[in-house]
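Each remark here refers to the structure printed beneath this line.
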Amino acid sequence: MTATAADARVGSDPGGGLRVLPRRARANSRAVAGGLAVALAVVLVFAAWLTTRPGRPEPYAVTRVPLAAGARMSAADLTTRRLSLPPSVASSAYPAAADLIGRVLAVPLRAGQLVAGPELTPIGEQPGLRPVSVEAPSSELADLEPGQPVDVFLTTGSGAGAHTALILRGAEVIRVTAPGGGLLGGGGAGSDVVVLGVTDLSEVETLVAAAHAGSLDVVVAEPSDGSGVGPGPG
């Protein structure tokens with residue numbers, strides 16, 4: 001059979017003639033390239049398998065109760081559960097429920113469902129707070145900073161008949177202003193006005209009613225107590 005120019009080369013014969021030599025180098029290079037391609041495919045398949053293979057059981061935040069889209073989560077809404085998650089899911093999950101307090105859901109979740117990044121409203125897009133101005137003792141407001149969570153207590157009566165109750169948890173300090181801007185028209189001696197950010201009308205109503213019912217005290221909140229009207233869980 002006659003060799004073509006594509007698969008043969010011309011060499012010299014010791015007798016002075018010419019002979020056709022096969023081109024083996026190109027075939028060898030193709031075999032090497034094919035082997036590398038197969039090895040690369042194996043590596044890619046293995047890497048993809050690792051991202052979907054469940055890891056060891058670790059604690060992750062899940063919902064304690066059903067929650068609607070737009071809900072701002074509190075400590076009462078969350079708990080932790082040991083789950084075996086693949087790395088691709090675990091990377092967007094939260095190992096501690098406290099990391100999710102105050103975050104807003106973008107989708108509804110069932111009780112016991114994992115809370116991960118895709119289910120949350122981005123922080124910059126969370127619903128705006130409703131500002132409410134109330135008076136409180138200046139000594140309690142002196143060290144407060146914007147963005148700090150506070151709890152609000154209402155005291156009614158006086159002397160032995162005085163009664164104090166927690167009426168609002170986790171309100172956010174917007175600013176502390178000079179006396180004169182509160183719901184009652186002006187701060188008295190030893191009091192200043194603090195502008196608190198709350199999330200809904202029920203919290204606005206609670207603060208307005210409390211401001212007219214007695215005196216308010218504002219204390220730095222513990223984030224794990226969550227937010228909302230009335231005492232926290234436990």
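The values are calculated or read from the model by the stated rules, or taken from the named source; none is laboratory data. The model shown is predicted, which means the values in this text are computed figures rather than measured ones. All Cβ positions, glycine included, derive from the backbone under ideal geometry; neighbour counts span all protein chains shown.
Of all the listed residues (S133, S139), the sole one being assigned to a helix (DSSP H, G or I) and more than 21 Å from the chain's Cα centre (by Cα) is S139.
Note on region 174-196: residues that are touching a helix residue (DSSP H, G or I) at 6+ places or on another chain (Cβ under 9 Å) and modelled with pLDDT of 85 or more total 3. Residue selection: A171 satisfies the criterion of being at pLDDT 85 or above, under 31 Å from the mean Cα position of the chain (by Cα) and within 18 Å of V229 (Cα to Cα). Set side by side, the residues D77, D99, D151 differ, and just one is within 30 Å of T177 (Cβ to Cβ) and out of contact with any Phe, Trp or Tyr (no Cβ under 7 Å at 6 or more places or on another chain), which is D151. Taking each residue of region 192-212 that is in the same structural domain as V176 (by TED's automatic domain parsing) and looking for partners that are among the polar types (S, T, N, Q) with beta-carbon atoms closer than 6 Å, six or more apart or interchain, yields D192/S138; V193/S133; V193/T177; V195/S133. Selection of first residues in region 147-169 that are more than 12 Å from G214 (Cβ to Cβ) and of second residues that are polar (S, T, N, Q), restricted to Cβ pairs under 8 Å at least 6 apart or on distinct chains, gives the following pairs, ordered by first then second residue: P149/S227; L168/T206; R169/S74; R169/S227. Among the residues of region 94-129 satisfying the criterion of being closer than 21 Å to A171 by Cβ, in a loop (DSSP other than H, G, I, E, B) and not polar (S, T, N, Q), which is modelled with the lowest pLDDT? Once the filter is applied, the top-ranked residue is P127. Taking region 197-219 as the range and being assigned to a strand (DSSP E or B) and at pLDDT below 90 as the test, the residues that pass are G197, V198.
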